[in-house]
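Input: a single structure, listed below in structure tokens.
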Amino acid sequence: MKNEEIIVIEDNETMRLGIVESLRREGYKVQAYESGPQALKDFQFKPVSLAIIDLKMEPMNGIQILEKIKAQCPATEVLMISAYGTVEDAVKAIQLGAADFLTKPFSPDELRIRVKKIVEKIQNEKRIQELIEQNLLLSDEAFSGYEEMIGNSLQIKKVFTLVEQVANTESTVLVQGESGTGKELIARAIHRRSKRAEDPFIKVNCGALNDNLLESELFGHEKGAFTGAIRLKKGRFELADKGTLFLDEIGDVSQAMQVKLLRVLQDGEFERVGGESTLKTDVRIIAATNRDLQKLIREEKFREDLYYRLSIIPINIPPLRDRKEDIPLLVDYFLNKQAGINRQKEKQIEIVGMKLLVDYRWPGNIRELENLIERLVVITVGDRIESGLIASHLNQSLNIATTYEQLPLEKAVESLEKNLIVQALKKANGVKNKAAKYLGIPTSVLYYKMEKYDL
Ligand SMILES: Nc1ncnc2c1ncn2[C@@H]1O[C@H](COP(=O)(O)OP(=O)(O)OP(=O)(O)O)[C@@H](O)[C@H]1O
Ligand SMILES: [Mg+2]
């Protein structure tokens, strides 16, 4: 896995040796240089996967080296490091194509995690590149959609290809993506295309239940295990035997439950709550989350060992705003779907309206888009959905934003978020499921936020 070659360009000897030492210990092939020109001379003849570059150096600084490297070999990933990391430097480096920016001092662990993340990205890209070369990437005309998933962008086709590739394996899959990007849809597609398709697909929303309930949901309980346990109950791990278990919102699981999950993932063994005997289960695990697990790991809220167990095959679904070419397809698809549901002729959207939809940021992603189309169809009497109507729906969120300009960013965001939640709750007459749908977030997240904002 780790035969990626890395170069380190750092003028401070102690620092350089430290980085080299900790990366070699991880099994990477590492070559070190004390200045840019020296490194670039070698790089010319032998490009590498990853370059770790110090920012402040003579005679060439890190940004200049980064530019040269990217010009010679765009595929080489760059991790910038700096002691005086200013925001501008970081932004500049990222704009010029650096994959990440690390501020000194950092621990060997921090370095290891960041490098690992970049190497994973490199290997993923390579895998996809190979598929493209072997012509296995789904061909254009056949795939303006896949299963019931719509999309024709390169980004989403990469996701479909991965689904195709992993479906028939037993590997654990971790689906990551913002809320409403289609994580559950992907999980179901993997199951349907796997050897386990005839056996159950069982879903557990790990974010919606407290520890006790979750434990008994997952592992079941014996009769009399606790007050209210009037009969034996099989857990989802048992029910999903031979099938697929979908652990949704895995990022919301408590530390204590993480330990329990780790065990069953490691050896497929568990006990029912209040039970003595150890049970075995044969399930394929697909987990999903909209949280940044790497960040949770850094904050020590998510176990790294569990993360590595889960993310054998990571599938990242890009947000809708990063694959805008899918928006018109999705709009058409949802208009058509609404027409079917309402048994009406399909309603039309003008080009201007479509452009508004394409330009919008879609924080709630496809779910938000689907909900908006439904709303527009319902309130439009004729065949044509007016562009002005679309603008006013989208502007509701935009206009509110401008009144927050005076506040510091975090406060502004919080205040805006609170307002949007209040509005949604009003519109939904206090029905939280409905409000969550309007906002394009899971109900569990709404509960969490309502508590946070004291609503
Ligand atoms: N590619 C797609 N084509 C058509 N519909 C899609 C696509 N992706 C998602 N959807 C629809 O968008 C909605 C949200 O999808 P899904 O529930 O899978 O998202 P999610 O990522 O699990 O969201 P959350 O994080 O909020 O749980 C669903 O109604 C789903 O059918
Ligand atoms: Mg979901």
L357, sole failed condition from (1) surrounded by 21 or more Cβ atoms within 10 Å (Cβ to Cβ); (2) away from ligand 1 (no atom under 12 Å from the Cβ); (3) assigned to a loop (DSSP other than H, G, I, E, B); (4) not acidic (D, E)
(3)
Residue in the stretch 78-92 that is closer than 15 Å to I6 by Cβ, surrounded by 17 or more Cβ atoms within 10 Å (Cβ to Cβ) and among the polar types (S, T, N, Q) present:
no
Scanning for something part of a helix (DSSP H, G or I), modelled with pLDDT under 90 and at negative phi, does the stretch 44-64 turn up at least one residue?
yes
Regarding the stretch 256-279, can at least one residue be identified that is of a type in the set (V, I, T), closer than 28 Å to A187 by Cα and within 16 Å of ligand 1 (Cβ to nearest atom)?
no
Consider only pairs whose beta carbons are under 6 Å apart and that are at least six residues apart or on different chains; among these, list those whose first residue lies in the stretch 230-251 and is under 21 Å from R192 (Cβ atoms) and away from ligand 2 (no atom under 16 Å from the Cβ) and whose second residue is of a type in the set (A, V, I, L, M) and assigned to a loop (DSSP other than H, G, I, E, B).
A240/V283
In the stretch 236-262, how many residues are touching a strand residue (DSSP E or B) at 6+ places or on another chain (Cβ under 7 Å) and of a type in the set (D, E, K, R)?
4
Taking the stretch 229-256 on its own, how many of its residues are of a type in the set (A, V, I, L, M), closer than 20 Å to S277 by Cβ and crowded, with 23+ Cβ neighbours inside 10 Å?
1
Contact list, first residue from the stretch 368-391 and within 16 Å of ligand 2 (Cβ to nearest atom), second anywhere and not in a helix (DSSP H, G or I), beta-carbon distance below 7 Å, six or more apart or interchain, is E368/G180; E368/W362; E368/G440; L369/W362; N371/G440
Go through the residues of the stretch 207-224 one by one and say whether even a single one is within 16 Å of ligand 1 (Cβ to nearest atom), in the same structural domain as K157 (by TED's automatic domain parsing) and touching a residue at least 24 places away in the same chain (Cβ under 8 Å).
yes
For the stretch 198-215 the number of residues that are crowded, with 16+ Cβ neighbours inside 10 Å and acidic (D, E) is 2
Does R284 meet the test of being under 23 Å from K117 (Cβ atoms), more than 16 Å from ligand 2 (Cβ to nearest atom) and touching a residue at least 60 places away in the same chain (Cβ under 8 Å)?
no
When every residue in the stretch 360-377 that is touching a Pro at 6+ places or on another chain (Cβ under 9 Å) and in a loop (DSSP other than H, G, I, E, B) is compared, the one surrounded by the most Cβ atoms within 10 Å (Cβ to Cβ) is W362
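The values are calculated or read from the model by the stated rules, or taken from the named source; none is laboratory data. Because the structure is predicted, anything quoted here is derived from the model rather than measured. Every residue, glycine among them, receives a Cβ derived from its backbone with ideal geometry; neighbour counts consider all protein chains shown.
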